[in-house]
Amino acid sequence: LLLVNITNNSTAEYELFNGSGTPIGEFRPVLNGNAISSNDPAFGDIVAVYPAFAATVSNGRVSLSINKDWHKVDGGLDYVKAHSQLTAWTNDTSHGFAQNDIKVSYKITSVGSGETQKFNFKFRQLATWCKFEFDFTNTSEADYTAESLQQITITAQDGSKISGEAAIDFSDRNNPVLGEGTTNEVDWTFNTPSSMRLPFTRSMMMFPAVSGGSEMFKITAKTNLRTLTFYATPKIGLTAGTVVHFPMNIAAFTKTTGSIANMTYTDVKDATNKFIYYGTQNCILYTAAGTKTFSIAAHEADDYFHHQDGTTVSTNTKTAPTKAGVLWHEASMTKPEVTLNGTNLSVKVTNYGNAVVAIYNAANEILWSYHIWYPEENPEGTSGDPMPVYKNTKSGTYTVMKMALGAMQVASAEKNNTIGTNVKGCGLWYQWGRKDPLGRPYQLPAAGSATAVNTNGTIPVVVYNPNGTAIVTETANTNGRFFTNTDSGADNLINVVETMVAAGYAADGETILTEIDKAINGYTYPVSADRYMIDLSVKNPTKFANVLDGYYNNDWVALTNNNLWGNPIGYNFPYPDSRDVYKSIFDPCPQGYRVAPSDLWINFTTTGANSTNFLQFNVKGNGSATTVAASRAIYNANHGWPVYYEGEGTTEYDANGTATNYIEPTSGKTDFYPASGARQRASAALTGIGANSYAWSSAPYANNSPLSSGMYMLQNQMSIPQSFSGRAFGMPIRCVQEQS
């Protein structure tokens, strides 16, 4: 809050100390600041504007600024970080002090019931709170629901000054009035895009300069794929201190391509450069030593990254594969033999392990890469030991691979899980939406040990340059990195914040969610931040994209893109006949399989929901556990849970609803999820090896959260699905058989 003496223009900054979200607030000087010592506010010399950002004092007058991007004004980013309550324009109360609501004080000479003399200001909003209520779900014109809204621009067509800065007239201290604003347009780029899969609201303030029924607004909505422009006339005028609703139900508007009229809209698809991918599978599974040949023909993806089977595209010198080679392989594995023959790639493997092979253009740039997976045991099972079938889900029946993607053996609580063998049940780590693996743990603790061993280590790998020369053999302990940069030897990371700044998408790390023209293959295209990061990840399949805390919704693409694993609408599960859920070109599972849906694991608790109560854990052996410690011992003994995917346990409750006992199913089947840990999104360091079990799902949402979903289990918690705080984590994957 900024206190202003309107007699001599002196100012002082105060912080809200008491009364957030209420009409009455107590303010105290900012730490190490000075209090104003002028006349008592009740006598009229001092006024206040909340928050302090909104007020400017110049030439004997106080002005109010609205709809500034406080992150980008001079010094604003540092201020926002220091004042965490200044986050978003999300509150629509005219009286409460909450986040960025702008309030101006007016004179009071007495206090009401329950108030005290220290509350010597009352406040009102001088602007209008405008709620734009978008609903893109009920139209057949286009599948808008798979997109996300990034930016809206509101324009008063007759030039009324609805935003900017306006002087406050304090002639009548009991009725402060705003003068005219400085602009007829509000341009708001979101720090976090809004998914259009469900109706949502975006709110902003405007100066009350529009009279109802006489002026048309132009509302431009920019999604990640198109620009929608709406024309509508408010039925009521903007009035200070009120809330005005703008229902943007697309079904109520008429689509037009030319003339502008009330309640019409236009739809313009963005021009983008083609996204080319190679082949129709990213993981080649070997169940025996030998050679496999697969197509690497070039295809053009659509905006949602569907596979376009049978539709190939011509290539040029930048996009044509000219050679292929091994990018890395696990040190215990003999280097695979790779042969490029036109649009076919042949890879020969002789012993077990994981590898990634890549195809290059003439400039030695990686065009695409493929995971070579040859496990010691068959993840598809045998006739006598088939894959598990998960039946108790929301959406149907799923046949699940017997091990995590990239594991060497089927994980099992019955095995003699000793150091050197239990780690073979751990899969590779993946960032949500990426197709390339990023290492797996070197080893787990010994059976029964609660102490992780070599938690900073990954399976040793041999790395090659484009000419096929081995340039480094990684040891097991590499400070949490998978392997080093093949050129410089530095940590093998893509720092997303630094990348966004260097590429021109951000200032001081804050995302500018607009497209930037980039020269590509002799042509100039507008390239969005997410497309820039997707292209960069394809060219650098060995690099972990780390995102510092608090940036870009902790997402490695910087600008949220829900299409990467074929579940853009955010459904928790893929219905067999759903056109909205598909296997995308970035899905890392072998042909015939896809990343698991998020409802795969609901049988793992007796409630089918997240739980921290061990009496609700549907775990083999848990029926004999009478204490938390005894339940944890089951997990610690083998560093993972033997969970029932078939057979439903029962939790008994007393009259007060308190869980008292867990009864195991009389018959059932279990699956085992080892505690293979994860890679941290901010540092890429390894975490939770031997302590935590994770698995990604294809759903970009969990429980209506903007964060991606998956499964998370540890010794005292089961979360199914779990909302993970960022898609930049590296975690394992369980693949399910595609449904026909």
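Excluding ligands, DNA and RNA, what is the solvent-accessible area per residue of region 662-702 at a probe of 1.4 Å, expressed in Å²? Each residue of region 662-702 exposes 26 Å² on average to a 1.4 Å probe.
For Ile720, the residues whose amide H sits under 5 Å from its own are Asn610, Ser611, ignoring neighbours fewer than 5 places away on the same chain, with H placed 1.01 Å from N.
In order along region 593-604, the Karplus-derived 3J(HN,Hα) couplings, from 6.51 cos²θ - 1.76 cosθ + 1.60 at θ = phi - 60°, round to 10, 8, 4, 4, x, 7, 8, 4, 9, 5, 6, 6 Hz, and Gly and Pro are given as x.
Legend: residue pairs Lys620/Lys669; Lys402/Lys620; Lys318/Lys539; Lys122/Lys235; Lys424/Lys543, Cα-Cα distance threshold 20 Å; pairs beyond threshold, Lys122/Lys235; Lys424/Lys543. If you model region 270-390 as an ellipsoid using its alpha carbon gyration tensor, with each semi-axis the square root of five times an eigenvalue, the axes come out at 29, 20, 11 Å, biggest first.
Amide H contacts of Ile585: His307, each under 5 Å away and 5 or more positions distant or on a separate chain (H built 1.01 Å from N in the peptide plane; Pro and chain starts excluded). Distances between placed amide hydrogens fall under 5 Å for Leu559 paired with Asp530, all partners being 5 or more residues away or on another chain. The relative contact order of region 517-665, computed from alpha carbon pairs under 8 Å that lie at least 6 residues apart in sequence, is 13 percent.
Stokes-Einstein diffusion for region 530-678, with the hydrodynamic radius set to the Kirkwood value over Cα pairs and evaluated at 37 °C in a medium of 0.692 mPa s, equals 177 µm²/s. Note on region 610-668: Cα Rg divided by 2.2 N^0.38 Å, N the number of residues, gives 1.08. Each residue of region 592-740 gets 130 Å³ once the volume of the Cα convex hull is shared out per residue. Ligands, DNA and RNA left out, the accessible area of region 183-237 computed with a 1.4 Å probe is 47% carbon and sulfur.
So what is the accessible area of region 315-405 per residue, in Å², with the probe set to 1.4 Å?
For region 315-405, the per-residue accessible area is 39 Å².
Using only alpha carbons, region 212-288 has a radius of gyration to Kirkwood radius ratio (Rg to Rh) of 1.32. Over region 292-424, Cα pairs under 8 Å with separation of 6+ residues give a relative contact order of 17 percent.
Computed on the Cα trace of region 516-559, the radius of gyration divided by the Kirkwood hydrodynamic radius gives Rg/Rh = 1.04.
Kirkwood analysis of the Cα pair distances in region 238-337 returns a hydrodynamic radius of 19.7 Å. Report note on the peptides 313-320, 622-629: ranked by the mean count of other C-beta atoms within 10 Å, highest first, their order is 622-629, 313-320.
3J(HN,Hα) along region 457-464: x, 10, 3, x, 10, 10, 10, 10 Hz, from the Karplus curve 6.51 cos²θ - 1.76 cosθ + 1.60 with θ = phi - 60°, whole Hz, x for Gly and Pro. The alpha-carbon of Lys292 sits under 18 angstrom from the alpha-carbons of these lysines, leaving out residues fewer than 8 places away in its chain: Lys323, Lys335, Lys348.
Here the Karplus curve 6.51 cos²θ - 1.76 cosθ + 1.60, taken at θ = phi - 60°, turns the phi angles of region 171-188 into couplings of 4, 9, 5, 8, 8, x, 10, 7, x, 6, x, 10, 8, 9, 9, 10, 10, 10 Hz, with x standing for Gly and Pro.
The values are calculated or read from the model by the stated rules, or taken from the named source; none is laboratory data. What you see is a predicted model, and the numbers here were worked out from it, not measured in a lab. Positions of Cβ are generated from backbone atoms using ideal geometry, with glycine treated the same way; all protein chains shown enter the neighbour counts. Accessible surface is based on the protein model in full, side chains and every heavy atom, while ligands, DNA and RNA are left aside. Shrake-Rupley method; radii C 1.70, N 1.55, O 1.52, S 1.80 Å.
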